[in-house]
1. Protein chains only, probe 1.4 Å: how do Tyr77, Tyr87 rank by accessible area, largest first?
2. Express in nm, to one decimal, how much length is gained between Lys271 and Arg453 on full extension, taking 0.36 nm for each residue of separation and deducting their alpha carbon distance.
3. Taking N as the number of residues in the chain, what value does Rg over Cα atoms divided by 2.2 N^0.38 Å take?
4. Percent of Cα-Cα pairs more than 23 Å apart in region 364-471, please.
5. Taking Rh as the Kirkwood radius, which is the inverse of the mean 1/r over Cα pairs, what is the Rg/Rh value for region 198-320?
6. Ignoring ligands, DNA and RNA, what percent of the accessible area of region 60-171 is carbon or sulfur (1.4 Å)?
7. Grab the beta carbon distance between Glu335 and Asp377, set R0 = 41 Å, and tell me the FRET efficiency rounded to 0.05.
8. Determine the alpha carbon to alpha carbon distance for each of Lys32/Lys402; Lys138/Lys212; Lys271/Lys391; Lys296/Lys409; Lys212/Lys296; Lys42/Lys247 and list only those over 31 Å.
Amino acid sequence: MGASQSKSADDTVFTDIDASAFDGLNLAPRPKGLPAPTPESKAKLHQLLRANHQFYSTLYNSRKFHNHTPHALASAYFLGATPETLYELYEQNTEPLARWEEDSPAEVTDDDWFELLGDKRYERGFQDYFQEKITDGKTFDWKEVFSQFVYDERAPGAIVHGLFGGLLHPLIHLGYAAELDDWEIASESLTLAATGYQNYNFDLLNVVGFSKPSPGSERALDLLAAIRADPAFDGHVSSKPGQVGSKDISDLVESHSEEITRYINRFAVGKTSDALAENLTELLVAASLLLTATHKDLDSANPDLRLPQYDFFILHLFTSTQASLEIFLNPKTAELFSVELKYQMVQKLWTMFIILYIAQKRPSVVLARVTEPANPDVLPGTDSNDEVWAKIYSILFTESEKYDSHVLKAVRGLLFTSRHVTAAQRAHYGVPDEAQGVEIFTLAAYTFAFSMRDQGYVGYERSTKTLDIKP
């Protein structure tokens, strides 16, 4: 569960990762169909993460896109990828990236870092600044440094807020830092949080604070269904349908602040660590179904819909929720944020659920799209969960020529969901234990992997073409 800290950055090795695990919490049992990581793959993972950190920037393409290499490498590692596959994955993921060449307009310092938040021109300056803070000592204690910035009184709440910028990439990045206990990924997360800091007009929302009584709770999936049926959001169209930008989010909050606030407050966020973990588990279930059960149904008149097609933006709700659980439940990072800050983080995540759901035109969640798909070709053809995961491994690493990072981390996230969510929790959230004789989230993982085998990247098509959206 994570990397041991060392006195030299060059000596960092992931000594605490259980080879039978498939995430940083060492959830078990590992499906027999997935090969276990080897010492060689562990060493290769470390080598490639280090190379990515040293040579490639955290942002690229005019600083509009994020470096996903750690996400892809860690997910593939936990799924049992060989050293050779990890190297191929590294080569593919780094090909479009920008190398560290351009410098900041000026150095980022203790005296001005909080004044430069949100300015992507200072990407390299932030990276150097945070890295120096973490490495200025013998232990490379990134968690202590992270906490210092989280609680800095000169920018109260800024880093936590920044974790939710950039389509949640800083938060997802922090989840991988927690899993691997990796100071380099942690410094990258801080950089992404600092450069991705945006207001989004969230100050217009009148949400229930930590010190106020909690409202009565309603289930997340039921609230999303209510949002879909609410005429208040009819006719809302982003500037680029199916593609969400920061201006779309800000405009949506400004035009519908009262309605959005009402739905935020109908989901009761807990006031203890256990209750907050339960909130995240519920959001994990909701996000998994938002990802895998909202596609348009098979239409014989439209051959493009032969296989399900999935949404890029909704996928980030799913992977950021798993990342939050990895941070909150890992003993090494559980105290990184106070209970009150965790409360705010869960509330912010639920807010992003609502906003992205509306921005993506409120797709309909139909569980039967996973349990009884219109096209039987997407079913695994076996009721053995171990055999299904063996087929998924084959699809990802022997049948595919490209390893899209979003596919890998979504599949690994569904594996996490299959082990983390208990039978009692499934029943409470209205999700069956299995379908077609296969555990429900394992079936969703197979459908997702199989469908993405020939489609390239997640979200290549806009949501208006791929999702069962409200007319």
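1. From most accessible down to least: Tyr87, Tyr77.
2. Working: separation 182, 0.36 × 182 = 65.52 nm, distance 4.21 nm.
Between Lys271 and Arg453, full extension yields an extra 61.3 nm.
3. On the way: Rg = 21.1 Å, N = 471, 2.2 N^0.38 = 22.8 Å.
The reported ratio for this selection is 0.92.
4. 29 percent
5. On the way: Rg = 16.6 Å, Rh = 16.6 Å.
Radius of gyration relative to Kirkwood radius: 1.00.
6. 43 percent
7. The calculated FRET efficiency here is 0.30.
8. Lys138/Lys212; Lys271/Lys391; Lys212/Lys296; Lys42/Lys247
The values are calculated or read from the model by the stated rules, or taken from the named source; none is laboratory data. For clarity, every value in this text was computed on a predicted model and none was experimentally measured. Note that we place each Cβ from the backbone using ideal geometry, even for glycine, and neighbour counts take in every protein chain shown. What goes into the accessible areas is simple: the full protein's heavy atoms, side chains included, and nothing from ligands, DNA or RNA. Shrake-Rupley method; radii C 1.70, N 1.55, O 1.52, S 1.80 Å.
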